[in-house]
Amino acid sequence: MKKLGFCITGSFCSMKDMLSVLSLLVKDYDVEVFMTPNVQSFDTRFQSAKNLKEDVEALTKKPVLNTIQDAEVYGPMKSLDIVLVYPCDGNTLAKVNSGINDNVVTMIIKSSLRNQVPIVFGVFSNDILGASGKNLLTLFNKKNLYFVPMIQDDFKNKPNSAVACHTKVQDTLEYALLGKQLHPFLLGYKEV
C-alpha cells in the first residue's frame with residue numbers, strides 16, 4: 001500500500017468535502033495527516049477545530065501531525081510515496097511558490113520534494129483567478145508539482161473563485177505517481 005501524506009490547510013468552508021475525499025483515500029493508501037496550526041486551532045462557522053481533528057483521526061486511526069518537527073523527518077529518515085494538499089488555500093500556495101517554510105504543511109512539502117516525491121494540490125481559493133493565480137501558474141510548470149482539476153464554484157457571485165473537483169482527486173494522484181498532470185485542468189463551472 002502506497003504512503004500518502006494528506007495535508008489540510010485553511011480553506012474552512014471545504015472541510016466537509018475534505019472529509020469525504022479522505023474517507024475514500026484511506027481505503028487505498030496508508031495515510032499520514034498533516035494539519036496547519038490555523039486549521040487545528042480555529043473554530044469557524046463550519047466546524048470546531050476539536051471536532052474536525054477528531055473526525056480526521058477517526059478516519060485514519062492515527063494522530064494528526066502538527067509540528068514542523070513532525071514533518072521534517074520525512075526528508076532524511078521517513079518517506080512518502082505522494083503528498084496531497086487538500087484543501088490547499090491561496091496562502092499555502094503563495095508560501096510554496098515563495099519558498100517559505102513556516103508550518104507542518106510547508107515542511108512536509110519541502111521534505112518530500114527533497115526526495116522527488118510528487119506533490120498534488122487541491123486548490124480552494126476565492127481569488128485563484130485573481131491575485132493568487134500567479135502562484136498557481138508559476139507552480140503549475142515546476143517539476144513534481146501537480147494540481148487537481150478545478151471548477152468555478154460560484155462565477156456569478158465570486159468570479160475569481162475556483163475549487164478542486166473532488167471527483168478528480170484519485171485520478172490526479174494516479175497520474176502524478178506516473179509523473180503526469182491530469183487534463184483537462186479547467187472543467188468549467190457549476191450552477192449555484
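Among the residues of region 147-170, those that are within 18 Å of residue 90 (Cα to Cα) and either open to solvent by less than 20 Å² (accessible area, probe 1.4 Å) or touching a residue at least 40 places away in the same chain (Cβ under 8 Å) (or both) comprise 147, 148, 149, 150, 161, 162, 163, 164, 166.
Residues of region 77-92 that are open to solvent by 30 Å² or more (accessible area, probe 1.4 Å) and either touching a strand residue (DSSP E or B) at 6+ places or on another chain (Cβ under 9 Å) or touching a residue at least 12 places away in the same chain (Cβ under 8 Å) (or both): 78, 79, 81, 91. The residues on offer are 187, 129, and the sole one that is part of a strand (DSSP E or B), modelled with pLDDT under 95 and over 12 Å from the mean Cα position of the chain (by Cα) is 187.
Of the residues making up region 31-53, those that are at pLDDT 95 or above and loosely packed, with under 14 Cβ neighbours inside 10 Å number 0.
For residue 65, the stated conditions hold: it is touching an Asp or Glu at 6+ places or on another chain (Cβ under 8 Å) and among the aliphatic types (A, V, I, L, M).
The listed residues are 173, 178, and the only one of them that is at pLDDT 95 or above, within 18 Å of residue 2 (Cβ to Cβ) and open to solvent by 60 Å² or more (accessible area, probe 1.4 Å) turns out to be 178.
Residue by residue through region 4-30, note down the ones that are surrounded by fewer than 17 Cβ atoms within 10 Å (Cβ to Cβ) and assigned to a strand (DSSP E or B). Result: 30, single match. Of everything listed in (1) surrounded by fewer than 17 Cβ atoms within 10 Å (Cβ to Cβ); (2) modelled with pLDDT of 95 or more; (3) closer than 25 Å to residue 2 by Cα, the single unmet condition for residue 120 is (1).
The values are calculated or read from the model by the stated rules, or taken from the named source; none is laboratory data. Remember, predicted model here, so these are calculated numbers, not experimental data. Positions of Cβ are backbone-derived with ideal geometry, glycine not excepted, and every protein chain shown enters the neighbour counts. Each accessible area value is taken on the protein alone, full model and side chains, heavy atoms only, with ligands, DNA and RNA left out. Shrake-Rupley method; radii C 1.70, N 1.55, O 1.52, S 1.80 Å.
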